[in-house]
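So the structure is just underneath, and the comments pick up after that.
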Amino acid sequence: MRKRLKINNLQAFLQELQKQATLIAPVKTDAGEREFRPVEQVADIVLEGSNPLRSPKEYLFPQMETLYTFHLQKDGKATLKETLHNEPQIILGIRPCDLHAIAYVKEFYSTTHQDVYVLEKWKHTILIGWACQNPLNTCFCTSVGNSPVDSKGADIMMAKTDSFYLVEVLTVKGKDLIEKIPSLLEDSPEADNEVLPSIQKQTESMIREKVDLLSIKGRIDSAYSSSIWKSYSDVCIACGACTFNCPTCTCFDSADLLETCQDGCRYRTWDTCQNYAFTLHASGHNPRATREARLRQRVMHKYQYSVEQLGLFSCTGCGRCTRSCPVNIDMVSIIKDIKEVVDHGEE
Amino acid sequence: MEKNKKIPSSTNNPYLPFFASIREVGQQTSTVKHFLVDLPKENYPEKFIPGQFYQLSIPGVGEAPISVSDYDPINHTLLFCIAKTGVVTSQIHTLQKGDYLGLRGPFGNGFPMDTFRGKNIVLVAGGIGLVPLRSVVEDYFRNQDQYGELEILFGARNSQEIIYREEMKQWRLKKKTTCKITIDKPEKGWDGNVGFVCNLVDKSYCDCSEVLFHHTSPDQTNTVILVVGPPVMFQSILNNLSTIHFPDDLVYVSLENHMKCGIGKCGHCNCGGKYVCQDGPIFSWKELKTLEKEY
Amino acid sequence: MKKQIEQNVQQLLTQIWKPGDLIIAWKNASLPGHRTPAFLYRKEDIQDIVFDSFCDISLAKYLNERNRQEILPPHFKGKIHIVCKPCDAKSVMQTFSDQQISETLVNLIVVACDGIIDRKKIEKHCDQSIVDMQETDFQILCTDISGKEYVFEKRESWLRKCEDARNCDLPYYYGYYFVGDEKEYRTRLKHRYQTHKKLPQDTMSPKELQQKIHQELSRCIRCNACRNICPACFCSDQCVFDKPKERAKLVENQVTTENTILYHMIRFHHIAPNCTGCGECERACPKDIPLHIFFEYFNRCMEEEFGYKPGKTNDERQKLLSYNLGEDLV
């Protein structure tokens, strides 16, 4: 189902969305950044401009999350209380790279042992995509087979044209939402078929470079023992800025917290594979003791291991790692080197 | 999508532990204790495979993955043997009979016992590595008629650190079973083997493995070798085995990567395309060769 | 002027470089305005070295023990030539003082610098993504993807640390090469001192500091970039925040404002006797938290209490970790 929304009606449309559920969208914060935040005033929403540095992943997989609370009894047994959240939420303005990321995260947490915390939130979330017209110079979504208008994972996809917003409803969840919103939307004529392709063409022309990784998908492990890793890991300071801003990083650490002698909780927080202690065995042995091994792990996980596990690249080309790297390590030049090594071997 | 205020809950949350009471506690060595716990009825494992592990927790302290030494399918008890290494295990060591332990599991793939039927089993264990192998031993004695011979090769740092002393005495008395122990350095009053456990799979060593070398016609394809120990130890065992061209699909190794969640989600144990807690911890040597050397 | 310095650096290095030596300097990265650390082992690579107003990364970090272990090839016997801005040179001094590296291993090359551009500040003012960023003597010229051009005055685009003349001091150390006109540099510095205006961190009261900390640090995502980029942080794998298992749990991993503030407060105090005010923490922060202001505050306290500013010389004893017999106990 495809509809048109008049430019003038956008505010009313957003207000309607806000009535349905908690609305999360990019808003300008006091510190002057744009961030996905629960919206207080729809006027604060800024849909255009570059993609926020923090991805909306945190609304499905928060940086810190309580798994359960417990109350200790005298014999050491405890009564547990699960803390699942399933308040309905609508996330608006998600770029295709982040839509892919959310789809990956959901897929990852659905395999074998299902992670109810993420899945429960996902079930109660409506994802509204936004065709990307403002790529940054760090963006490389075309390299990993995505496109700036791809709607995979979205319930509703929106795109801006000069005279109207295109609203494409893709899932039942999306349809249910749209049906609750009275007549703000108009029918979309046949000619609107061209809207997304033309945005795609225009945006792709603005993306700095395309490294065709799809052609070497599944074969990237042959770069494992290459010398390229060392040239980047020398520079790398092994902080976690790239992983903490990455929309597909799923690793976490869990720990217990006692608030009183009897009550406490187990929580989980994001963890980063770049940290030395991440793989440290109880015995003191560390399989990834060097920064080289850790940097390689991160990159290989994105392009090889996740392909082995789920058949998907877990990099969506959003470029946040490059954006947040304090020592200017550029993911595009890493994948360029990888492709070179896989295709032509080490020089 | 209604805004409902009902507190949600899920019956199928893999992160929630259940509680089991401790039936028996025993001291194995100065730093190792064993704990026998009664499983509550609703938490009997559907199937337990030797080599699997449970996540043991104490609320407020934390969680640690611990291999199962034995699951008794009749009494529904689990036996754990725990070395004091960190915060959680130290706290577990303070528990007494009647206290409760939080448990999640069983996790991991375990040893493919079905494929061992009719074969001789050689167990090589370094130190606390004997713990998961004991579940194999118990399974072997329960169904001894289905397997060939059993040989246990065990290396401890010193004679004080030998675990399952009493049990090993019993095992030795059983038919078709041999048991060899070695300690790292010579000691007063020790007249057994001295040296690393990898010696026992070295042909040139005088008291080396019976099954592998001393049988009249050692048929390698009729023997499986299960190795559990620290990475340094199993690497040298594998080196020794490669010199005698032992088939790599008949050797199984247990990896001990750092684990947190036990269900392949937290990413700590990620090694190549595998999550050790979920796809392992048991890998055949053949699989191990395809894995990145990050264990 | 910087082009000239860049050439002089290359020239100097060609003269003093010997086979087996390592050069740590900057080179171009693929994106406009991005410079990245370069580790060069070959003479022909010297021509890749750049120095301009975009060389924001401090290279001193790479000298400390743990980093060297990772970077240097096995059996490295040569010297390390490191190119530094005056502010980074102080971090190198502190690295010497902290005995992270022996002075005999290092050839310090200090370049005359008149300020480094805050790239993020510029990017914020552009509507679209930037495809080109160039500098002239007084201006930064940018072009975005749509072809729109922007002109920024350099003096309005400095990093925060460059506004403070005190960070531009040269260390009291005889063993460095200076590239540029040292006399002119010192005169300019003197002039800047005379016209120095008070900065927020100079007048901040503890109360204001507390308020600012609460206000700013709530945005922290605990990515550890500030810690890992800090040249004074050399505990690396042994850091108290990384090993909760073996030590008392100083800070819970739980990312709450309280824990985050605690994390930073521990860092402020722990780093105060080593902090040279290089501002790397602030630059590295993906959330643009003005950490430099906080560290400067603690720096000022150090100076007022002990008359001591880290990084001045190469063998300063840490004032919070040393005691001389008869010394006044504060």
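The values are calculated or read from the model by the stated rules, or taken from the named source; none is laboratory data. Every value quoted in this text rests on a predicted model; they were computed, and no experiment measured them. Note that we place each Cβ from the backbone using ideal geometry, even for glycine, and neighbour counts take in every protein chain shown. Just so you know, the surface numbers come from the protein's heavy atoms only, side chains and all, with ligands and any DNA or RNA stripped out. Shrake-Rupley method; radii C 1.70, N 1.55, O 1.52, S 1.80 Å.
The table below gives the values:
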| read-out | value |
| --- | --- |
| Residue pairs meeting the criteria (Cβ under 9 Å; at least 6 apart or on separate chains; first facing chain A (nearest Cβ under 7 Å), in the stretch C:211-228; second open to solvent by 40 Å² or more (accessible area, probe 1.4 Å)) | C:219/A:31; C:219/C:288; C:228/C:236 |
| Considering residues of the stretch C:190-223 that are part of a loop (DSSP other than H, G, I, E, B) and in contact with a helix residue (DSSP H, G or I) (Cβ under 8 Å, 6 or more places away or on another chain) only, the residue nearest to residue C:302 (Cα to Cα) | C:204 |
| Selection from the stretch B:36-92 of residues that are small (Gly, Ala, Ser) and part of a strand (DSSP E or B) | B:57, B:62, B:64, B:67, B:69, B:83 |
| Odd one out for residue C:311 among (1) under 16 Å from residue C:160 (Cβ atoms); (2) under 15 Å from the mean Cα position of the chain (by Cα); (3) in contact (Cβ under 8 Å) with a residue 60 or more places away in the chain | (1) |
| Residue in the stretch B:249-269 that is closer than 30 Å to residue A:252 by Cβ, out of contact with any Lys or Arg (no Cβ under 7 Å at 6 or more places or on another chain), open to solvent by 40 Å² or more (accessible area, probe 1.4 Å) and touching a residue at least 40 places away in the same chain (Cβ under 8 Å) present | yes |
| Residues located in the stretch B:78-103, provided they are in contact with an Asp or Glu (Cβ under 8 Å, 6 or more places away or on another chain) and either over 22 Å from residue B:228 (Cα atoms) or within 11 Å of another protein chain (Cβ to nearest Cβ) (or both) | B:88, B:97, B:98, B:99, B:100, B:102 |
| Considering residues of the stretch C:27-54 that are assigned to a strand (DSSP E or B) and in contact with a helix residue (DSSP H, G or I) (Cβ under 9 Å, 6 or more places away or on another chain) only, the residue nearest to residue C:113 (Cα to Cα) | C:50 |
| Complete set of residues in the stretch A:73-87 that are open to solvent by less than 30 Å² (accessible area, probe 1.4 Å) and either closer than 25 Å to residue B:266 by Cβ or at pLDDT 90 or above (or both) | A:78, A:82, A:84, A:86 |
| Residue within the stretch A:157-177 that is in a helix (DSSP H, G or I) and touching an Asp or Glu at 6+ places or on another chain (Cβ under 6 Å) present | yes |
| Tally, over the stretch A:240-270, of residues that are assigned to a loop (DSSP other than H, G, I, E, B), facing another protein chain (nearest Cβ under 7 Å) and open to solvent by 10 Å² or more (accessible area, probe 1.4 Å) | 1 |
| Residue in the stretch B:136-147 that is within 14 Å of chain A (Cβ to nearest Cβ) and open to solvent by less than 40 Å² (accessible area, probe 1.4 Å) present | no |
| Given (1) in a loop (DSSP other than H, G, I, E, B); (2) open to solvent by less than 10 Å² (accessible area, probe 1.4 Å); (3) in contact with a Phe, Trp or Tyr (Cβ under 9 Å, 6 or more places away or on another chain); (4) closer than 19 Å to residue C:273 by Cβ, number of the condition residue C:57 does not satisfy | (4) |
| Residue C:52 in contact (Cβ under 8 Å) with a residue 24 or more places away in the chain and touching a strand residue (DSSP E or B) at 6+ places or on another chain (Cβ under 9 Å) | yes |
| Residue list for the stretch C:122-149, filter: polar (S, T, N, Q) and either closer than 21 Å to residue A:204 by Cα or touching an Asp or Glu at 6+ places or on another chain (Cβ under 9 Å) (or both) | C:128, C:129, C:139, C:143, C:146 |
| Residue in the stretch A:273-280 that is open to solvent by 10 Å² or more (accessible area, probe 1.4 Å) and either away from chain B (no Cβ under 12 Å) or closer than 25 Å to residue A:311 by Cα (or both) present | yes |
| The one condition in (1) open to solvent by 60 Å² or more (accessible area, probe 1.4 Å); (2) assigned to a helix (DSSP H, G or I) that residue B:203 fails to fulfil | (2) |
| Test: residue in the stretch A:54-62 that is under 25 Å from residue C:220 (Cα atoms), open to solvent by 20 Å² or more (accessible area, probe 1.4 Å), polar (S, T, N, Q) and more than 14 Å from chain B (Cβ to nearest Cβ) | no |
| Count of the stretch B:35-66 residues which are farther than 12 Å from residue B:19 by Cα, in contact with an Asp or Glu (Cβ under 9 Å, 6 or more places away or on another chain), open to solvent by 10 Å² or more (accessible area, probe 1.4 Å) and free of Cβ contacts under 8 Å to residues at least 60 places away in the same chain | 3 |
| Check on residue B:224, of a type in the set (Val, Ile, Thr), surrounded by fewer than 20 Cβ atoms within 10 Å (Cβ to Cβ) and closer than 20 Å to residue B:154 by Cβ | no |
| Residue pairs meeting the criteria (Cβ under 8 Å; at least 6 apart or on separate chains; first at positive phi, in the stretch A:96-123; second assigned to a helix (DSSP H, G or I) and open to solvent by 20 Å² or more (accessible area, probe 1.4 Å)) | A:112/B:278 |
| Unmet criterion (only one of (1) assigned to a loop (DSSP other than H, G, I, E, B); (2) within 11 Å of chain B (Cβ to nearest Cβ); (3) farther than 19 Å from residue A:62 by Cα) for residue A:226 | (2) |
| Residue list for the stretch B:150-180, restricted to those being within 21 Å of residue B:210 (Cα to Cα), open to solvent by less than 60 Å² (accessible area, probe 1.4 Å) and out of contact with any Ser or Thr (no Cβ under 9 Å at 6 or more places or on another chain) | B:167, B:168, B:177, B:179 |
| Within the stretch C:133-147, considering residues that are within 14 Å of chain A (Cβ to nearest Cβ) and at pLDDT below 90, the one least open to solvent (accessible area, probe 1.4 Å) | C:144 |
| The stretch A:312-344, subset in contact with a Lys or Arg (Cβ under 9 Å, 6 or more places away or on another chain) and within 14 Å of chain B (Cβ to nearest Cβ), residue most open to solvent (accessible area, probe 1.4 Å) | A:313 |
| Residues of the stretch C:280-291 that turn out to be modelled with pLDDT under 90 and within 20 Å of residue C:95 (Cβ to Cβ), as a count | 0 |
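Yes/no matrix, rows are residues, columns are (1) touching a residue at least 12 places away in the same chain (Cβ under 8 Å); (2) buried (at least 19 other Cβ atoms within 10 Å of the Cβ); (3) part of a helix (DSSP H, G or I); (4) not charged (D, E, K, R):
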site: C:78; (1), (2), (3), (4): yes, no, no, yes
site: C:83; (1), (2), (3), (4): yes, yes, no, yes
site: C:88; (1), (2), (3), (4): yes, yes, yes, no
site: C:91; (1), (2), (3), (4): yes, yes, yes, yes
site: C:104; (1), (2), (3), (4): no, no, yes, yes
site: C:113; (1), (2), (3), (4): yes, yes, no, yes
site: C:128; (1), (2), (3), (4): yes, yes, no, yes
site: C:131; (1), (2), (3), (4): yes, no, no, yes
